[in-house]
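See below for the structure under consideration.
Throughout, read-outs are computed from the coordinates displayed, never taken from laboratory work. It should be emphasised that the depicted structure is a prediction, and the values quoted were computed from it without experimental measurement. Here the Cβ is made from the backbone with ideal geometry for all residues, glycine too, and neighbour counts use every protein chain on show.
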């Protein structure tokens, strides 16, 4: 007799906070993000760590900073998903998650364009990370940042003016 009533499909999603954000999940996500930043810097600025063995940017350096970017994306996802504790995810949050993944794919294919055979260097030459690849990675990072902005929960707090 006490069957749950179904909401019509046009009913708005309830995004009212039911619980405080998960502090543990946010902290773990931030630690993972900082580790990813370390790996990213390790791939981009190898001379800071005394690991620079070549003058150019080759396959290993590109791969390391792309792995670092992946770890940053994972940590950001964990942290921001922790802020949604107890709430239904909104459509913009789902779009944001997909933008983060899309931005990473853009960054990977731009960074490894020569390896995939789409860049300016042909197979016998070593991969070259030039200005066009750098611009592609930058565009991917901007798409990732926009996705993270959409993942931030907007909490509606009714005003108490007039009550």
inquiry  = I need to check one value: relative contact order of the range 23-151, counting alpha carbon pairs closer than 8 Å and at least 6 residues apart, in percent.
reply    = 30 percent
message = How big is the range 23-151 along each principal axis, measuring the range of its Cα positions in Å and listing the largest first?
response = 54, 31, 17
key: Centre separation in Å (Cα based) which lies between the range 29-45 and the range 63-129   = 14 Å
note = Zone reached by a paramagnetic label modelled 7 Å from residue 134 Cα along Cα→Cβ, restricted to the range 23-61 with backbone N below 12 Å, covers 57
Ordering of 145-152, 41-48, 65-72 by burial proxy (mean other Cβ atoms within 10 Å per residue, highest first) = 65-72, 145-152, 41-48
query = So between residue 63 and residue 94, what do we pick up on full extension, going 0.36 nm a residue minus the alpha carbon distance?
reply = 8.4 nm
